[in-house]
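No lab work stands behind these numbers, since they all come straight from the coordinates. Predicted, not measured: the structure shown is a model, and the values here were computed from it. Here the Cβ positions follow ideal geometry from the backbone for every residue, glycine too, while neighbour counts run over all protein chains shown.
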Amino acid sequence: MRFFAQYRVPLLSTSLVIGLAAIAAFGQRANQPATSQSPVERGKYLVTIMDCHGCHTPFKNGQPDMTRMLSGHPQDMKISAAPPTPAGWGMVVAETNTAWSGPWGVSFTSNLTPDPTGIAAWTEETFVNAIRKGKHMGAAVNRDILPPMPWASYANLTDSDIKAIFAYLRTIPKIPNRVPSPLPPANRTR
Ligand code: HEC
């Protein structure tokens, strides 16, 4: 008891110092996730958590088919007109999750692989501008990028994160797949 009474204060302050040091070290690590990751690793992480696969990788049996990773709407799945949308419903989605029909018409998810039918010709600048400005290929004169591409949310990414996504997309397998152009909206019944 006497021992404890004598050493209590130094013991307490030592553990406080160790505790603070641990918190400081942890805080530092938490603030610097990117330094231990290469841009490509960071890009892969972002593509995974931001659900690019949910729309750009065609679904098979309700799951993204990774043999067609990020290749966009399959060219052999022809859609020539917008399907009728039931009254009160906002959107119709193809079973692949790659064709979306709504008030804007029909949009088809792009091929994001580094194939000539994908984004092989895109520069990093094209990619950054498309995500930031919501214009096809980032050019002000081009059409708007259509829903449901969540570019307005992604526009809040840091430059280094957008560039990391692009760097990762450069490394994925090339998949030849020519995605069709968007279609106009169907005549609505309501
Ligand atoms: C909710 C569905 C959805 C998600 C999630 C999604 N996209 Fe898209 N994306 C689309 C659709 C649909 C288009 C086609 C839009 C069009 O034709 O205007 C598109 C188009 C694009 C384009 C081409 C834009 C252009 O200039 O024509 C790029 C690049 C792109 N997406 C990147 C991504 C990346 C990277 C992610 C993940 C970080 C992602 N998308 C997530 C639906 C989505």
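Listed values, structure above:
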{"quantity": "Mean-position separation - Cα centroids, segment 31-102 and segment 129-150, in angstrom", "calculated": "17 Å"}
{"quantity": "Partners for Lys60 among aspartates and glutamates (Cα-Cα distance below 18 Å; same-chain residues under 8 apart left out)", "calculated": "Asp51, Asp76, Glu95"}
{"quantity": "All lysines inside 18 Å of Lys163 as judged from Cα atoms, apart from same-chain residues fewer than 8 positions distant", "calculated": "Lys44, Lys133, Lys135"}
{"quantity": "Within segment 75-141, trypsin sites (Lys or Arg not before Pro) in DSSP loop having at most 11 other beta-carbon neighbours inside 10 Å", "calculated": "Lys78"}
